[in-house]
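Trainee: What follows is a structure written as structure tokens; I'll ask about it next.
Please treat every number below as a calculation from the coordinates, not as lab data. This structure is a prediction, so every number in the text was calculated from the model and none was measured. Methodologically, a virtual Cβ is constructed for each residue, glycine included, from the backbone with ideal geometry; neighbour enumeration extends over all protein chains shown.
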Amino acid sequence: MRLALPIALAIALPALAAEDLGPTLNKIKQSGIVSLGHRESSIPFSYYDDQQQVVGYSQDFALEIVAALKKELRAPDLQIKLVPVTSQNRIPLVQNGTVDIECGSTTNNLERQQQVSFSNSLFIVRTRMLTRKDSGIKDFPDLAGKNAVVSAGTTSERLLRKLNEEKKLNIKITSAKDHGESFLILESGRAAAFMLDDVLLYGELAKARRRDAWIVTGTPQSREAYGCSMRKGDAKFKALVDRTVARIETSGEAEKIYAKWFLNPIPPRNLNLNFPLSEEMKALFKSPNDKALE
Amino acid sequence: MGPLDFHVFLQPVPTGETTYLGWLLQGLRTTVLLSACAWAVALLLGSLLGVLRTVPSRGLRAIATAYVELFRNVPLLAQLFIWYFVVPEIVPGGERFKQIDPWLQQFLASMVCLGLFTAARVCEQVRAGIESLSRGQRSAALALGLTLPQAYRHVLLPMAARIIVPPLTSETLNVFKNSAVCSTIGLLELTAQGRQLVDYTARAYESFLAVTALYLVLNAAVLLVMRRVEARSRVPGYLGAGR
């Protein structure tokens, strides 16, 4: 009779715990490993620095989320498995379970919400274009008949194709493998402009050989919110991630992370992006949310 | 992920000019065109180099050998990047090349890369074919008063070409499969269209299954044609084909 209670507890507790966590947290707890999707050249969100370490604004958020996971699961030895992803494969890899959470520069939009779920937003960007200062290109209609480059799988790829079709601009669009290759195509003179999220364009500029030869220009074609992507339909995991992001953003910690990556010299070349905190970002930090913008 | 749903191929693409199936077929057309052009380059250049590998002149042999070693020992992907990104920067006229239609730039770079890479492999097949002939054939041809080019033209090459059809078949299939590498420089061939389909529809399984099936059908067709060629060109008494 005395043994009955401990035995009952021993049987019931693990079962309770397993029920409580939801699939992703359960998997992380069971395996002792969390798979973190990151980008290789999405400066300054998630990229390799000169020591081949993954660093960046989104990566800082991701590490905070891992810290929260350790606390929540009471697993101080939780290991991080870093999985590099691209614009093209990030969503399939989140869907099929290769990565548990991906924090890079992934736009939260309604279409993608059909495929994955998004955390509270980390960042708000506008899609514009990068061009040579002396190219004479001021806005998107100026691209008519010219060559332009976009990174395959980005929202800019679709926006530019759609604009091209609707306005009959006859822009010849190249889809490059990643942002680094897109910039190479721009820099080598193959394309007159490179369309992408404004902040990522500033990031590419930080790598340019002659930084003052380039300019970010054009009427923003969209406003977009970045979030971490996770498997759909796992409310427990999402709640934990959202809570963590909201805590960072409302506590003032987010401003510090922002300053570190956007207002100070960053690796690999110790250049300063000088990208001031926008009104939209201030509003986001005041009231964190996971809304898709249009 | 839900059950397989192939209806997605009949939906119009976001820009509306065709369906997703149309995208795949455009990709298939580019793959076929690219592979056929590259194969023509490879066959012409490879045959020439294969002959050079067997001529008496040491200098000519060395040139052909150096070519084979260079193109066989550098990864195809690295070669592609060199043709597309590096060569236009260092060759005169490269600036003009960079201003032509991007599709044509990608296509030409891919064709040259794939053609020259495969030429090194064809060269080795041709050399093996010529060397498999008994030395007496060359000697007899020369003893009859044929010049060396005539001996190649009328005696050695007709025999060698017929012997090497089976290994050339697998090189032909390789060209079609290797052409997938060209998606990395933005050429929208079959593999690239498949990936794009995944981006736009989130139907990864259906897209890649369709791409796989199209490659399979394509290579089966190539195989069928090459088998015909093989049967017609078989040399009686060689390779156990005395029927």
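Trainee: Take B:Leu144 and B:Ile90, extend 7 Å from each Cα along the Cα→Cβ direction, and tell me the distance between the two endpoints in nm.
Mentor: It is 4.7 nm.
Trainee: Let me ask something else about it. Between the helical axis of A:253-262 and the dominant principal axis of chain A, each derived from Cα atoms, what acute angle in degrees is found, rounded to the nearest 10?
Mentor: 30 degrees
Trainee: Turning to a different aspect of this structure: FRET efficiency for A:Leu293 and B:Leu44, Cβ-Cβ distance as r, R0 = 56 Å, nearest 0.05?
Mentor: That gives a FRET efficiency of 0.50.
Trainee: From the residues B:Thr54, A:Tyr48, B:Pro166, which one has its Cα farthest along the dipole of the protein assembly as shown in the positive direction, the dipole being from +1 and -1 charges on Cβ of Lys/Arg and Asp/Glu about the Cα centre?
Mentor: Result: B:Thr54.
Trainee: Taking 2.2 N^0.38 Å as the expected size of a compact globular protein, what ratio does the Cα radius of gyration of the protein assembly as shown give against it, to two decimals?
Mentor: Against the compact-globule rule of thumb, the ratio is 1.21.
Trainee: Name the residue farthest towards the positive end of the dipole of the protein assembly as shown from the options B:Val155, B:Ser139, A:Gln30, assuming +1 on Cβ of Lys and Arg, -1 on Cβ of Asp and Glu, about the Cα centre.
Mentor: Final value for the positive-end residue is B:Ser139.
Trainee: Also, I was wondering about something else. What shape does chain B have by the C-alpha gyration tensor, where a ≥ b ≥ c are the square roots of the eigenvalues, rounded means a/c under 1.5, and otherwise prolate means a/b greater than b/c and oblate the rest?
Mentor: oblate
Trainee: Kindly identify the range A:114-271 as rounded, prolate or oblate by the Cα gyration tensor criterion: order the square roots of the eigenvalues as a ≥ b ≥ c, call it rounded if a/c is under 1.5, otherwise compare a/b with b/c, prolate if a/b is larger, else oblate. Please report the intermediate quantities before stating the final value.
Mentor: Details: a/c = 2.46, a/b = 1.51, b/c = 1.64.
Since a/c reaches 1.5 but b/c is at least a/b, the shape of the range A:114-271 is classed as oblate.
Trainee: Then there's this: Where the centre of each part is set by its Cα atoms, how far does the range B:66-128 sit from the range B:23-51, in angstrom?
Mentor: Between the Cα centres of the range B:66-128 and the range B:23-51 lies a distance of 12 Å.
Trainee: Measuring from centroid to centroid over Cα atoms, what is the spacing of the range B:154-179 and the range A:37-103 in Å?
Mentor: So the two Cα centres are separated by 48 Å.
Trainee: How much length is gained if the chain between B:Phe208 and B:Met159 is pulled fully straight, taking 0.36 nm per residue apart and subtracting their Cα-Cα distance, in nm to one decimal?
Mentor: 13.4 nm
Trainee: Compute the Cα gyration tensor for the range B:25-77, then decide on rounded, prolate or oblate, letting a ≥ b ≥ c be the square roots of its eigenvalues: rounded whenever a/c is under 1.5, prolate when a/b is larger than b/c in the other cases, and oblate in all that remain. Display every interim value, and only then the final one.
Mentor: Details: a/c = 6.50, a/b = 2.23, b/c = 2.92.
Because a/c hits 1.5 or more and a/b fails to exceed b/c, the range B:25-77 counts as oblate.
Trainee: With charges only on Cβ, +1 for K and R and -1 for D and E, what is the dipole size of the range B:13-233 about its Cα centre, in debye, rounded to 20?
Mentor: 940 debye
Trainee: What angle, in degrees between 0 and 90 and rounded to the nearest 10, separates the Cα long axis of helix A:235-250 from the longest principal axis of the Cα atoms of chain A?
Mentor: Roughly 60 degrees between the two axes.
Trainee: How large is the charge dipole for the protein assembly as shown, taken about the Cα centre, if only the Cβ atoms of Lys, Arg (+1) and Asp, Glu (-1) carry charge, to the nearest 20 debye?
Mentor: Here the protein assembly as shown has a charge dipole of around 1760 debye.
Trainee: Pull out the extension gain between A:Ala67 and A:Lys167, defined as 0.36 nm times the separation in residues minus the alpha carbon to alpha carbon distance; nm, one decimal.
Mentor: Net length gain for the segment: 31.1 nm.
Trainee: While we're on this one: Along Cα→Cβ, 7 Å out, is where each label goes; now give me the distance between the ones at B:Leu60 and A:Val83 in nm to one decimal.
Mentor: 5.7 nm
Trainee: Aspartates and glutamates within cross-link reach of A:Lys138: Cα-Cα under 17 Å, excluding same-chain residues under 8 positions apart?
Mentor: Cα-Cα hits under 17 Å: A:Asp197, A:Asp198, A:Asp212.
Trainee: Still on this structure, I have one more. With +1 on each Lys and Arg Cβ and -1 on each Asp and Glu Cβ, and nothing else charged, work out how big the dipole of chain A is about its Cα centre, in Debye to the nearest 20.
Mentor: Result for chain A is approximately 220 debye, rounded to the nearest 20.
Trainee: A:Ala283 to A:Arg269: extension gain in nm, 0.36 nm per residue of separation minus the Cα-Cα distance? Walk me through the numbers on the way to the answer.
Mentor: Working: separation 14, 0.36 × 14 = 5.04 nm, distance 3.10 nm.
Fully extending the segment from A:Ala283 to A:Arg269 adds 1.9 nm.
Trainee: Moving on to the next point. At what distance in nm do the modelled label points of B:Ile82 and B:Thr18 sit from each other, each positioned 7 Å from its Cα along Cα→Cβ?
Mentor: 3.3 nm
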